[in-house]
Every structure is written in C-alpha cells, then in structure tokens.
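The values are calculated or read from the model by the stated rules, or taken from the named source; none is laboratory data. Keep in mind that what you see is a predicted model, and the values were worked out from it rather than measured. All Cβ positions, glycine included, derive from the backbone under ideal geometry; neighbour counts span all protein chains shown.
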Amino acid sequence: MGVTEELLAAQAEGLAAIEQAADLAALAAVRVAYLGKKGTLTAVLRGLGGLSAEERPAVGKVANEVRAALEAALAKRHEALSSAALEARLASEAVDVTLPGRAHPIGSRHLISRITAQVVEIFLGLGYRVAEGPEVELDYYNFTALNTPPDHPARSLADTFYVRDLSGDEAAVSGESDVLLRTQTSPVQVRTMEREKPPIYVLSPGRVYRRDIADPSHLPQFTQIEGLVVDEGITFADLKGTLDHFVHRMFGPDRKTRFRPHFFPFTEPSAEVDVSCGICDGAGCRFCKNSGWLEILGCGMVDPNVFGHVGIDSERYTGFAFGMGVERIAALKYNVPDLRMLVEGDMRFLRQF
Amino acid sequence: MRVSMSWLTELVDVGVPARELAERLDMTGTAVEAVHETGESLDGVVVGHILTRERHPEADKLWVTTVDVGDGTLRTIVCGAQNFDAGDKVPVALPGAVLPGGLEIKKAKLRGVVSEGMNCSARELGIGEDHEGLMILPPDAPVGVPFAEWYGAGDTVLELEITPNRPDCLSMAGVAREVGAVLGVPAKVPASQPVESGEEAAAACSVTITDADLCPRYAARIIRGVKVAPSPAWLADKVAAAGARPINNVVDVTNYVMFELGQPLHAFDLDKLAADSNGRVAITVRTARSGETLRTLDGVDRQLRSDTLLICDSSGPVALAGVMGGESTEVSETTVDVLLESACFDPASISRTSRSLGLVSEASMRFERTVDRTGCVAALDRAAALIAEVAGGQVAPGVVDEYPAPLQPRLLTLRLARVRGVLGIDLGAEEVAGILRSLGCDVEMGPESLQVTVPSFRPDIEREIDLIEEVLRIWGMERVEPTLPGGRGRIGMLTREQSLRERIGDVMRACGLNETMTYAFGDPRDPERCCMPFAEGELPVELLNPMSTEQAVLRRSLLPGLLASVSYNQRRGVSDVHLYEMGSVFWTSEGRKQPKERTMLAGVLAGAWHPPAWNAPAVPLDFFDGKGVIENLFRELAIPKLRVRACDAGHLQPGRAAEVLAGGEVLGWLGEVHPAVLERFEAHAPVVAFELDVRALVRLAADARPFVEPPRHPAVELDLAIVVDESVTAEEVERAIRSAGGKLLAETHLFDVYRGNGVEMGKKSLAFALEYRVPDRTLTAQEVESAHERLVRKVTTSVGGTLRS
C-alpha cells in the first residue's frame, strides 16, 4: 500500500472514529490517536522522508488535505458534543418555576394614610399646599373662630374631649377647660389664615377626635381632610369644579356628583356632596340604601364671619372650604365592614392593602 | 320632623308625587331622611273589639284576650301591652298580614296559648312613634272594617332633617311655605279667630316677666267650661301623624297647633293655679330660687338650678318654661277652665335647662332653635278657637299679652354684583326678587341692589350672605356650571418635613414593616406598665371626659399601642409581626395651656420576617433586625453619623437596650422589650422595638449624600481576626482599625464573631475583612504588607487583643 493510500485509509478510519466519539473525552482521545505526536497521521507523515522529491509534493498535498479533513471533523464533532453537554447540564438544572420566590417581604401602607396620600396628591396637582396643626387645640380655634355658637351641642362634654388646662386660666367655656382635642381639622385653616395672606390654597389632613363609642361605623379618633381656598374672585362654581375634579380622580371619571344645600356654621352657602354609587351606578342598591348616592363631603363658601375672626377682608376675598372623612372614603372604596379594624393593627388586615 | 303628605296638601298644592317632592326638598337643603308609606301595607289589619282580658296562666306580663274582628268567630290573641281594658277597640293584625316593619303575622303558640293574630300599637302600624301600648281606637270605630279604610290611611310621611338654622321648618305651615317656594306655588297659613264671650281674660289672670331677655313675650287666654274628652278622630290622627300620642282634646289642640304653626303652647288647669282673693291668677316668669323643686308632667321631681326659667303662680313653680309643664296643674278629665299659654323664651336658656335635666320635649326642641315671637298671639287664637270647637267652652274676651321685647323687622341690602361674585352665576334682579318673595321676604327693587325685609320667622337670615344662600338654594345648586379657580400662579408642593416623612414611611415599608395606626389615647398606667416614667417636670395630658379609664390620658409613647397590637396578633396565632406607626405623642407641664406634641416613629418586630419557606428557613428576629431597619433609614435620609450605644432603659431587656444617636444627639431608643413589660401586655418575647423623634430625623437629614467616585484601581483584601475581651465592643475595635489603617485602608467590614473552641472563655474573636486601596494607583504588595503589619500591631495594643492564630 502506497503512502497516499495509507493516508486516505487513516482519514477514513479517523473520520469514523470521530463520528463515533460519544463524549468530549473520547473525542480528545481520537485527536491524540490521529493527530497527536504518536498519532497515526503523524506516523504516516514521518514516513514522507523516504519518498522521492518528485512524489513528495503530491503526497504532501494529500497529507495536508487529510489533516484538514480530520481537524474540521474534530471541530464539528466538538461543537456538537459540547452543545449536547451544555444542554444536558442545563436540563439537569431545570427548576419548578411555580415554586415561590425568595423575597424579603415589603411592608404595606395603612389604608387611611394611603387614601390620605392619594387625596393630597390630587390637590398638590391643583396647586395646594399641605398645612398641619396641633391635635390638642384651643376652643377658640376649634369652635369660636369657626362661627360656632357658644351653646352649640358639639361643644358639650358629651361630644368633645376636653383636656386639663394647667395654665391656671379661668375657663371661659364648657365648664372646666377651653383646651380640647380638635373635632375637625378646620382649626388648621384658621391658623393658616391668621398667618398667611391670600391667595391661600391649602389642604389639611389630620387626626380628629369626637366622643363616639367605637363601633362598626364610629371611632372616637378618625381622620379628616379639609381644604381651604381664599383668593380674589373665588365662586361657588369654582368649588363645584374643584370637587368634581377630585371625585373623578378619586373614584373614577364616570362617577357623578350631586350638591345638596346644607348648613354648617363656618360656611355659607353650604352643601353636602354625594357621589353616585359605584356599585349600582346610581340605580339604587343596598350599598347606597337605594338612593343611588353616597355622601362623601361637606363644603361651602367661607362665611364672612370666619374671615372677620382672622382679619381677611371679605369684600375683597371670597373662598371655599370642604371636608371629608377618610375612614368614610375607606369604607366606601374598600367596603370595610368595621372601622375598628383600622386601629387594631391586625397583620392580616394591614397586609391586604 | 314628620310631615304627613295628606296634611301638607291641605296647606299647599303639592302637585307632584311624594317621592319627587322628597327629591326636590333634598336638593334645596331640607334633607329627607325617610319616606314612609302608611296604610299601604296594612292588608289584614282590621278594627277589633277586645271582649275579655285575662292574665296568661304562664306569664305575668302577658294577657290573653278574646277579640271580635267581625267575621263571626271570636279569636284568642295573646298580648303584652298593659294599657288596655276589655271593651277597647284596637287594630288587630290577622295571620297573613305583613306589617310595615316586615313582620309577618302567623298563628303561633305563646307560652302554651295559641294566639290567632296581634293587637297592634301605632308604631307597629308605621303611623306613629307610640310603642307604649296598643293603639286604642275611639269607641265608635266599626268592628271588622279594614283598619286602613277606617283610619283613612294610605298616607305618606316624610321624615325631614331640619338643620339648626331653620326653626321655621319645625311646623307644617313652615314646611308648606318652604315647599311652596321650592315648587313655585303659594302656601296657606292656617288661622282662626275665636268667638269670645264671658268675663275678660284680664280679670282672671295677669302676667309678669322679670327678665325680657329670657322671656321676650308671654301671652295667655282663658277658656271656661271645657269638657275634656278624647279628641275627635281628625285631631287624634293629625297629632299621631306628627308623631305624638293623642291624650285629650285640650292637650291635643295645643300639640296640633304646635305642629301646625311651630308655636309650643301649654294648657294649665286654671282652677289648680293659685289665685288671689279676687280669683285672679298672677303668672310670673322668673328663674328658680335656691331649693325650689317641681314635679313635672312625667311624674319626676326636678331639682331646679338657679338659671332654670320657670312659670310660677303665687304659690311657686307650675311649669318649666318652654320644656315641660308641672303635674299639679295639668289638664285632666276634671278640668273645666283652662289658661292657655303662648310664649317665647330665650333659646340658650331653654337649651341649658333641657340639657341639665336631660329632658328634651317637642317644645324645648323648638324653643332652643328660636320661636317667632310675632306669631304667639296668632297661635293662641287658633288654639283657643279649636279648643272651643272640640271641647266646648267659652273663650274669654281679650289676650293677656306681655310683650316687653318686640321683634324689629330686619332690613338687608342685597347687591346683585355680590350674588354673582359669590356664586359665579348671572341672575337678573327679577329672578332674585322672585325667589326671595317666595320665601316670605318683602323686596324693593333698586338698580344695583335689592332692599329686602326679612320675615320674622327667619331668624337665620341676618346678613347679605344669608340671602345669597337662599337664592342659590332655591335657584338650584345643580344648575351652577362648574369651573376651576383661575387665580395667580401658585405651586403645590410638600414641605421638606412632609416629604421626608413620606420617605421615612417608604423606607419602613421597604424594610418590611407594615404601617398601622393606634389610638392616641393612653392608659394612665402605661408609663408604669412599660417602665417608661415621665421625665422630670413632664406630666401626662389628662382628658376631663374620657370614654374609659383605659383611655383617660393622651399617649406619651407609641410603644404601648404597638405592644397591644403585637399581643392582638399573637393571640390570634399571627406570630410574625412587623409594624410601624408615625404619630403624635403628648405631654404637658405645670403652667402650660396647650400640651407639647411631637411626631414619633416607632416600630415593633416579633417572630420572623417570614414563615419557614422551601428555600429559606424562618430566622427569629432579634435586636439586629431592628438595628438594620434603623441603619437603612439613616442611609436613606443621608444622616451620616449613626451611633447605637448600649444603655439602661427600664422597658428594654438589659444588655439588649440601646440609644440611637446622630452627631451626639439622642434621637430615640432601640432594643428588645423587657419580658416583664411584655407579660403585662400579654405579648410573647422577643419583641424588638424602636422609637425615634421624627422632627430630629428631619432636621438631621441631608438632601443628598456627597458623590464619591467609584474606585478605578483594584484593592488588596486581607482578613483580620482579633481576639478581645467580651467587654470590648465591635465599635471600639473597628474604630481602632480605622485609625490605624490610615489613608491606605479604604473599607472594613466585620464578617464574623466567634466564641468557643480555640478562643478563651470570656473572650471573643472578631473577624474583619479589610480593603486596602488608594484612589490614584495600584498599591504594591509590599506597601500593603507593611501597612497591615503596622495596623495589626497598633490595633492589638490599643484594644488589648491578640491575633487569632
């Protein structure tokens, strides 16, 4: 057998061995067996020295072709085997993707502060600022400056929490003290009007207190958000537009509002605002007690007497004020059946929101 | 205020269905709380005649009655009412009837006796409030006739909520006027003039008012020779429709006229009032003298306060002015001559009396809200005429009318420009005038403004703005086109403190804490229970009228409320609790009026962050979980120098108690709550807690941390394990490392604390990972080596430790 034939036989053998190599280790062994220092091809090439100068180029060419063919086959087989090996490894690493993830639990925001923040955001967008004030207030700011008559039942010990006054002042009202837990956030508005000149656009969210026994629909402590605008040219139409906007942002663009005249000591004219029931869309259902409407806000034009108390010229400026109970909105939006859940700190309740 | 539609339609031509009227009233400021249909659902209720009444053999309070309902068979009906006798006629609901409350009547055994129906009260039939006993019908009521047919039921009753500014609507005539204005139709004012005869009223009585502020008017009439008896059906019905219990013809007339015209009236039995030798009664209106008492109509002896306004005869008090009459002078079956009072009293005085005695009557409720004093005599005339009509008798000529403080008519100017300026709507002068006239105002037109005379029955209309409100109300709020305020430039934004508070909440939640809200009230025993005593000079804020002794003060710390929540959860099997609250705490001191308030942030952690998971065990929470939360918070608020320093605090477990400091200032505390404290709150240890002063956090927070370029050159990392006494803190060692490391040491990080094998008792090994690096070049091995050797030497010397081999 001539050298050329030997080369071609080695090629055929080699290609077969490559094809049969089952894994990367076997393939490496085939490479060594044919192309290694002691490999078949190397041995054949070593024999080239014995050939004549005329034969050598032709045989050399064949030898190179054989080497190239083996190299190519090795490379191809190597790629095939490595990707198979990778696939096998990846297959072995597959997980059940439906198993729960590994997350550090994130805390939730209390329903009341979540709603408060939503309301604040809506009014920030209308150019309001947020004003705050003390929760323990003076009778003057909570009642008198808000045009509440001296004998108004809301001032009674049955309705309002009074606090022991250590100043030694003679209490002018309600028997023992004129220091109380604010029953509304309106005192913040009075303080704002005392401190600042119009234009005033403020929102005052905060805790308020009334002597109600805690039951599914009452808490002695709850959250109110009031708004106040004092500027030139403010009209009842502006109040309507503002609250319409609020209701649409808060409850959805399809909800309707309804303004019913009402009476509050610190606004005139005053109104209660209803939003159309989201469950029956105004047709009447159990949730809205068949009226189609849910009461959510009280509002009105600031009474000139209130401006008088804080030294704002009621001829030049007009204004409006509105107030809402956050717990009520929570009950309406989330159907919370018992307000006491809001103060129990039950993790199973809090984590829902 | 209950408004019977059938009564209302006598006074004003309503012309729309009751539901629609209710809607119109709702939208013009008179809230309709409910609409009741009476009669409609009274199928199966008939007039019955009680023939016998015997005690139930098994129950003291029940009666067994035999009732004739006109169908030829007598029925046995068991009944719990006490106000009836055999022979009375009553409404009877037969089996199958469904009463307005939804109650379905069935044949049923009551304590062993079969009852074949129910004898009914007015309230059960939805036609009155009276529930004290059966509704006793007049003797002439026809047995067996459907009750609704006889009663003339099929009426609709509107329950109106009358706001305190509208006393005029506490009468049918006032409601009719309001309805007339709302619907744009005229309303009638009922009036009568009595036929007078006999001796002058002035001969029988005189009136003296000691204080015209407390009693601006007192008018009286005398009616002689009345025959007190049950009222005729029309009168009893009207009184019942308004929600009162028919009593007798004289009293019913006074109530009727009160409901009709809004003027409370009182009838005295003239013969029971003390008279002088000429038979003349001297009525005096004055406040009580010390020690005076009065037995009121309800049989209760009342101690009178010195500010209680009284109606007196020469012997003493005979009525609480405007609130309730006295028992000894009340009209009874034996009354022959009547003194009829129509007066007006100071609202505040009546309100005080009513409140101090806990006595609210239809009269006091009206006087509290102001009664129109100009109407006293008209009401008196009407009542006198009606008494004469239903009870016979002669009305004495003349009215004894003491009227020391006549009401002056109020004249207001209403500028049309102001109407536009406040409401944002354009109304013509004619339209505005028309609305005000429909409400009873006299209006004089001017070019720019209207001159308006306010009717006496509208004490609430005192200013121009009050007129504007009336115009808007009647014109219709719904018709106002909404706009948004124009105004000059304004920017809505949160203050720095407000937005930082938002951020603090964000961090708490990112750390896994859930926001909660607890009561601001506290138990006065909390400081003791928590071992958190008040600081020197600080006092708790005490409520004068708490809801309970457990809520008698305002909280000084958020901790007690949060511990109660931990306990609440644990008792319900929720062991992993992560809560935070941001809220006010309160304290005061001697001489302070308003207490101090401070916003605090507090958190409690108990159990583990999560229950055991397939890929993560549940790790019990401890001190360092709380500290981690605070570390994150300080990082996020960019407060640089957080320090946590061991301290003694009664509420915390010794050795797991720390103060939180920044820049030398104590911001609050952190630790594991003392087991003894937890026991008092029924909570299980361990509970990690912290409480920080939010204002201080806000003050120390930086807007941003300074930029530091990320390192470009590689670091050399070396570990250092050093064995020190237990008493040496990690902070001390770390400080020693930092000071010894100089400029070459970029980072240190404690990664292990080890006690046990190879480390002597009483000592611990602290292992730190050190990173040597300078910003501008790569350090050589030699530089690092010599720096590290120097560091080891210095640190071991300064903290008294040895290198762990």
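Every condition in (1) over 30 Å from B:LEU235 (Cα atoms); (2) away from chain A (no Cβ under 14 Å) holds for B:PRO455 except the one numbered (1). Restricted to segment B:469-496, and to residues there that are among the hydrophobic types (A, V, I, L, M, F, W, C), in a helix (DSSP H, G or I) and facing chain A (nearest Cβ under 7 Å), the residue that is nearest to B:VAL698 (Cα to Cα) is B:MET477. The set of residues from segment B:730-771 being in contact (Cβ under 8 Å) with a residue 40 or more places away in the chain, β-branched (Val, Ile, Thr) and within 21 Å of B:ALA646 (Cβ to Cβ) comprises B:VAL733, B:ILE737.
Residues are listed down the side, and each one gets a yes or a no for (1) β-branched (Val, Ile, Thr); (2) farther than 30 Å from A:VAL229 by Cα:
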position	(1), (2)
A:TRP293	no, no
A:CYS299	no, no
A:VAL302	yes, no
A:PHE307	no, no
A:ALA331	no, no
A:GLN352	no, yes
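For segment B:509-519, the count of residues that are out of contact with any strand residue (DSSP E or B) (no Cβ under 9 Å at 6 or more places or on another chain), assigned to a helix (DSSP H, G or I) and more than 7 Å from chain A (Cβ to nearest Cβ) is zero. For segment A:201-248, the set of residues classified as part of a loop (DSSP other than H, G, I, E, B) and either crowded, with 22+ Cβ neighbours inside 10 Å or of a type outside the set (Asp, Glu) (or both) consists of A:ARG210, A:ARG211, A:ILE213, A:ALA214, A:PRO216, A:SER217, A:LEU219, A:PRO220, A:GLY233, A:ILE234, A:THR235, listed by residue number.
Exactly one residue among B:ARG289, B:ARG224 is over 39 Å from the mean Cα position of the chain (by Cα) and among the charged types (D, E, K, R), and that residue is B:ARG224.
Checking every residue in segment B:612-622 against the condition of being within 9 Å of chain A (Cβ to nearest Cβ) and in a strand (DSSP E or B) gives at least one match.
The set of residues in segment A:124-144 that are at the interface with chain B (Cβ under 7 Å from one of its Cβ atoms) and closer than 23 Å to B:ARG556 by Cα comprises A:PRO134, A:GLU135, A:VAL136, A:LEU138. Regarding A:PRO198, is this residue without any contact (Cβ under 8 Å) to a residue 24 or more places away in the chain, surrounded by fewer than 22 Cβ atoms within 10 Å (Cβ to Cβ), within 10 Å of another protein chain (Cβ to nearest Cβ) and in a loop (DSSP other than H, G, I, E, B)? No, not satisfied. Here the condition is being touching a helix residue (DSSP H, G or I) at 6+ places or on another chain (Cβ under 7 Å), modelled with pLDDT of 85 or more, part of a loop (DSSP other than H, G, I, E, B) and closer than 30 Å to B:SER456 by Cβ; of B:VAL189, B:VAL182, B:VAL175, it holds for B:VAL189 alone. If you go through segment B:550-569 and keep only what is surrounded by fewer than 20 Cβ atoms within 10 Å (Cβ to Cβ), farther than 17 Å from A:VAL136 by Cβ and more than 10 Å from chain A (Cβ to nearest Cβ), you end up with just B:GLU550. Applying the set (1) touching a Ser or Thr at 6+ places or on another chain (Cβ under 9 Å); (2) surrounded by fewer than 18 Cβ atoms within 10 Å (Cβ to Cβ) to B:PRO675 leaves exactly one unmet item: (1).
Annotation for segment A:152-175: no member residue is within 39 Å of the chain's Cα centre (by Cα), small (Gly, Ala, Ser), over 24 Å from B:LEU554 (Cα atoms) and surrounded by 14 or more Cβ atoms within 10 Å (Cβ to Cβ).
Just one of the listed residues (A:GLU87, A:GLU79, A:GLU71) is surrounded by 11 or more Cβ atoms within 10 Å (Cβ to Cβ) and either part of a helix (DSSP H, G or I) or within 14 Å of chain B (Cβ to nearest Cβ) (or both), and it is A:GLU71. In summary, strands (runs of 3 or more DSSP E) completely within segment B:251-339 and bearing 2 or more residues that are in contact with a Leu (Cβ under 9 Å, 6 or more places away or on another chain) and not hydroxyl-bearing (Ser, Thr, Tyr) occur at B:265-269, B:281-287, B:301-303, B:309-313, B:316-320.
Among the residues making up segment B:513-549, those that are small (Gly, Ala, Ser) and buried (at least 21 other Cβ atoms within 10 Å of the Cβ) are B:ALA520, B:GLY522. Can you find, within segment A:110-122, the residue that is surrounded by the fewest Cβ atoms within 10 Å (Cβ to Cβ) among those that are assigned to a helix (DSSP H, G or I) and within 7 Å of chain B (Cβ to nearest Cβ)? It comes out as A:SER113. The lone criterion from (1) touching a residue at least 60 places away in the same chain (Cβ under 8 Å); (2) facing chain B (nearest Cβ under 7 Å); (3) closer than 26 Å to B:MET517 by Cα left unmet by A:VAL163 is number (1).
Go through the residues of segment B:584-605 one by one and say whether even a single one is on the phi < 0 side of the Ramachandran plot, more than 9 Å from chain A (Cβ to nearest Cβ), touching a residue at least 60 places away in the same chain (Cβ under 8 Å) and among the small types (Gly, Ala, Ser). Yes: segment B:584-605 contains one or more residues that are on the phi < 0 side of the Ramachandran plot, more than 9 Å from chain A (Cβ to nearest Cβ), touching a residue at least 60 places away in the same chain (Cβ under 8 Å) and among the small types (Gly, Ala, Ser).
Which strands (runs of 3 or more DSSP E) sit wholly inside segment B:409-466 and have at least 2 residues that are in contact (Cβ under 8 Å) with a residue 40 or more places away in the chain? Because the criterion is at least 2 residues that are in contact (Cβ under 8 Å) with a residue 40 or more places away in the chain, the strands (runs of 3 or more DSSP E) in segment B:409-466 that meet it are B:410-415, B:449-454.
Set side by side, the residues B:PRO246, B:PRO216, B:PRO194 differ, and just one is without any contact (Cβ under 8 Å) to a residue 60 or more places away in the chain and either assigned by TED's automatic domain parsing to the domain that holds B:ARG382 or under 26 Å from B:GLU330 (Cβ atoms) (or both), which is B:PRO246.
Looking at the structure I just gave you, is B:SER557 assigned by TED's automatic domain parsing to the domain that holds B:GLY671 and touching a Cys at 6+ places or on another chain (Cβ under 8 Å)?
yes
Of the residues B:VAL753, B:VAL759, B:VAL774, only one is surrounded by fewer than 17 Cβ atoms within 10 Å (Cβ to Cβ), under 60 Å from the mean Cα position of the chain (by Cα) and among the hydrophobic types (A, V, I, L, M, F, W, C); which? It is B:VAL753. Of all the residues in segment B:762-788, those that are of a type outside the set (Ser, Thr, Tyr) and under 13 Å from B:GLY742 (Cβ atoms) number 8. Taking the condition modelled with pLDDT of 95 or more, within 29 Å of the chain's Cα centre (by Cα) and not aromatic (Phe, Trp, Tyr), does B:ALA510 pass? For B:ALA510, the condition - modelled with pLDDT of 95 or more, within 29 Å of the chain's Cα centre (by Cα) and not aromatic (Phe, Trp, Tyr) - is not met. Checking the structure you have, find out if any residue of segment A:214-223 is at the interface with chain B (Cβ under 7 Å from one of its Cβ atoms) and within 30 Å of B:GLU502 (Cα to Cα). The answer is yes; a qualifying residue exists.
In the set B:SER798, B:SER765, B:SER805, B:SER786, which member is closer than 30 Å to B:ALA658 by Cα and surrounded by fewer than 17 Cβ atoms within 10 Å (Cβ to Cβ)? Lay out the reasoning, then the answer.
On the way: B:SER765 fails: surrounded by fewer than 17 Cβ atoms within 10 Å (Cβ to Cβ); B:SER805 fails: closer than 30 Å to B:ALA658 by Cα; B:SER786 fails: closer than 30 Å to B:ALA658 by Cα.
The match here is B:SER798.
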